[in-house]
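Computed from the coordinates by the stated procedures, all read-outs in this text should not be read as laboratory data. All figures in this text were calculated on a predicted structure; none of them were measured in a lab. Ideal geometry is used to build each Cβ from the backbone, glycine not excepted, and the neighbour counts take in all protein chains shown.
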Amino acid sequence: MRPRVLLLTATLLAVLSGCGGSGNGAAPGGGSPKASKLVAKVEHATAKVEGASIVGTAKVTEGGRPGERLSLRYGLVDAVSGVRASQEERLAAKYTTTASVRSKDVSIRFPKPDTPTDYLLHVVLYGPGGSYLASSDSAVFTVR
């Protein structure tokens, strides 16, 4: 069972990396962005089962261009089949950017799914009009 899960996880991560993996919006290179460049990152997504809930976290970095409205959303992916397990992405937070670049850890808590299997948490940062900016996926976790 273990090699199958690892193979499926690797396949799923390869597919999701086409969605951007942990992207760095408009400030490539990790250097100090100019004030007019939008910085948008989602990193280090984690998820674990706590009782009847799933608790996730992600580090969000945003800013650089003042006045941009961003939304952070999340969803569950069935790690075995690679299919989205949640009906739709849910809103975790909203941001209006400033010239200052800020990082913060965001916590997400939601009810554990009814179907026991392996999952991963997909956390996405969207820009104005719903444009994709960055995302991060947790490691695979098991719901029993």
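Residue by residue, region 86-93 carries 3J(HN,Hα) couplings of 8, 4, 8, 5, 10, 6, 9, 6 Hz when phi is fed to the Karplus relation 6.51 cos²θ - 1.76 cosθ + 1.60 (θ = phi - 60°); x denotes Gly or Pro.
With a 10 Å radius around each residue's Cβ, average the other Cβ atoms per peptide and rank 67-73, 103-109, highest first.
Working: 67-73: 17.3, 103-109: 13.3.
Packing order, densest peptide first, comes out as 67-73, 103-109.
Across all C-alpha atoms in region 34-136, the radius of gyration and Dmax reach 14.6, 47 Å.
Under 27 Å of direct C-alpha separation, and excluding same-chain neighbours fewer than eight residues apart, K112 reaches these lysines: K41, K48, K59, K94, K104.
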